[in-house]
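Where a number appears in this text, it was derived from the coordinates with a stated rule and is not lab data. Bear in mind the structure is a predicted one, so any value in this text is a computation, not a measurement. Here the Cβ positions follow ideal geometry from the backbone for every residue, glycine too, while neighbour counts run over all protein chains shown.
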Amino acid sequence: MLRYSRHARRRMTGRRISEREVEEAWTDRHVMSQEPGEARRSGDVLIIRSTLRSGRRLKVIVAADDERFVITVADQDEEDQ
């Protein structure tokens, strides 16, 4: 079971991304990279990129030390525009 930050919940609502979609992306990850934390964050993050069965491409950012904690979520196609 994934846990979501308030920020992630707001982004999911605004971008019409469901928990089911996030869980699918988290489970069926295609690309994962690690980035060091920034001054405003306390730790490193993992960036998970996945194409869902529906064809939607999601980016899920989780805490590196707790992969089940979702920090934020984005639709990669919207970001590319």
Per the Kirkwood treatment, what hydrodynamic radius in Å, one decimal, follows for the chain from the mean inverse distance over all distinct Cα pairs?
12.6 Å
Enumerate the amide H contacts of VAL70 below 5 Å, restricted to partners 5 or more residues apart or on another chain; note that Pro and chain-start residues carry no placed amide H.
ARG3, TYR4, SER5
For ALA64, distant residues with modelled amide H under 5 Å away:
ASP44, VAL45, LEU46
Rank these for me by crowding, GLU79, GLU19, going from fewest to most other beta carbons within 10 Å.
GLU79, GLU19
Can you compute 3J(HN,Hα) from phi for each residue in the stretch 56-73, using the Karplus curve 6.51 cos²θ - 1.76 cosθ + 1.60 with θ = phi - 60°, rounded to whole Hz and x for Gly and Pro?
5, 9, 10, 10, 10, 9, 10, 6, 5, 8, 7, 4, 8, 9, 8, 8, 7, 9
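Please check the chain for the longest run free of trypsin sites (Lys or Arg not before Pro) that are loop-located per DSSP (anything but H, G, I, E, B) and have at most 10 other Cβ atoms within 10 Å.
By the stated rule (loop sites, at most 10 other Cβ atoms within 10 Å), 54-81.
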